[in-house]
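So the structure is just underneath, and the comments pick up after that.
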Amino acid sequence: MTDSVLNEVDNAKDVLRRFVIRARRIEAHSLVKSNDVLKYVQPRFQIKYTESNAFKIKYLMPEEEIFESLAARVRPCILKTEPVHLDKVFQAIEICMSSRQMKVNEQQCLDDCRHRFNDLCNKHSGMSYSVQKFDAVNSALEDSLTDLQLGEAWLYADLVHSNPHGYKAKATEFPYRDRYYAGTSFFSSLTVVVIDTYKLVTALNKQFQWNVDESAWREQVTIAEKDSEFAVDGMWVLPVGTEVPEGTSPADMSGAVNISS
């Protein structure tokens, strides 16, 4: 191989290393471990008919605070500026494969993940439903928004940012309930694509001996109860208000007391 090809392969392996670490963090989330995330991939709701002859709609949604943490973990996989953006991951897989052929089911898995991700990125063609506002005489007040546009607006207008533009700003004219409902299916779908891609990368790395840094599968990605306690070699205390100069060990300072001895 030429130096440029070797460099391309090394970069691809680094993308996959980073992706594996991120995917394992997503895999460790409670909604993923319990498979509950699968309940929200397809938008679902119940229609109720009350004794007062009124219809009510009940959205089926996960607990908000728990789902927010999942959306935060999976978000880098859809940001083009991130090394783990899924398009970059798919390209890295192809680079590592080179001229070798996957099994039929593996190629089908890759194609399916790519297709589902493209649907999520294309906020118009990949939709499950759309919403639109009408006036009292049923005239449309503005263009419709897809569920994917609403779901992305929940991320940028409600969860991580507060100054939406374009269709994200238009989405804020709809109730927060509608944005969150759309966001749950958007990020649940993305989560499933990430996990399926992660399993494929793991299998291909072993099968074709890509030699992606194996520490990616061992690196700690979550905090456990045991992590709250750890041993230290020495602990020194100084008088209140003492400033420690940059690069100076407290042990070398006047007035320091070794309380670990």
Quick check: pseudo-label points 7 Å beyond the Cα along Cα→Cβ at GLU65 and VAL232, how many nm apart are they?
3.0 nm
So which trypsin sites (Lys or Arg not before Pro) in region 197-261 end up in coil per DSSP with only 16 or fewer other C-beta atoms within 10 Å?
ARG218
In region 197-242, GluC sites (Glu not before Pro) in a DSSP loop with at most 13 other beta-carbon atoms within 10 Å
GLU219, GLU229
Residue farthest toward the positive end of the dipole of the chain, with Cβ of Lys/Arg at +1 and Asp/Glu at -1: which of ASN35, ASN205, SER69?
ASN35
ASN118 to THR81: FRET efficiency via 1/(1 + (r/R0)^6), r the Cβ-Cβ distance, R0 25 Å, to the nearest 0.05?
0.85
Gain on full stretching of the segment that runs from ARG177 to ASP143 - 0.36 nm per residue minus C-alpha separation:
10.3 nm
Might you report the magnitude of the Cβ-based charge dipole of the chain about its Cα centre, with Lys and Arg at +1 and Asp and Glu at -1, to the nearest 20 debye?
980 debye
On the accessible surface of the chain, probed at 1.4 Å with all protein chains in place, carbon and sulfur together account for a percent value of 49 percent
Using a 1.4 Å probe on heavy atoms of the protein chains only, the accessible area for MET61 in Å², nearest 10, reads 70 Å²
Given the rule -39500 (n - 2.57) for each run of at least 4 DSSP H residues, summed and divided by the residues of the chain, what is its mean residue ellipticity at 222 nm, to the nearest 500 deg cm²/dmol?
-14500 deg cm²/dmol
What is the dipole size for region 1-100, taken about its Cα centre, with +1 at each Lys and Arg Cβ and -1 at each Asp and Glu Cβ, in debye to the nearest 20?
300 debye
Please compute the per residue accessible area over the chain with all protein chains in place, 1.4 Å probe, rounded to a whole number of Å².
61 Å²
Over 30 Å (Cα to Cα) among LYS33/LYS226; LYS58/LYS226; LYS168/LYS199; LYS199/LYS226; LYS58/LYS199 -> LYS58/LYS226; LYS168/LYS199; LYS58/LYS199
Counting Lys and Arg as +1 and Asp and Glu as -1 over every other residue whose Cβ sits under 14 Å from the Cβ of MET253, the net charge comes to -3
With only Lys, Arg, Asp and Glu charged, each at its Cβ (+1 for the first two, -1 for the last two), find how big the charge dipole of region 161-246 is about the Cα centre; round to the nearest 20 debye.
740 debye
Please state, to two decimals, what the Cα-based radius of gyration of region 126-261 comes to when divided by 2.2 N^0.38 Å (N = residues).
1.89
Put ASP178, ASP213 in order of accessible area, largest first, 1.4 Å probe: what do you get?
ASP213, ASP178
Along the dipole axis of region 120-261 (charges at Cβ: +1 for Lys and Arg, -1 for Asp and Glu; origin at the Cα centre), the most positive-end residue among SER185, GLY151, LEU141 is LEU141
Options (i) 82, 59, 34; (ii) 56, 42, 39; (iii) 76, 50, 38 are given for Cα extents along the principal axes in Å, and the computed one is (i)
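The values are calculated or read from the model by the stated rules, or taken from the named source; none is laboratory data. Fair warning: this is a prediction, and the values are worked out from it, not measured in the lab. Reconstructed Cβ throughout: ideal geometry from the backbone, glycine too, with neighbour counts over all protein chains shown. With ligands, DNA and RNA removed, areas are computed over all heavy atoms of the protein, side chains included. Shrake-Rupley method; radii C 1.70, N 1.55, O 1.52, S 1.80 Å.
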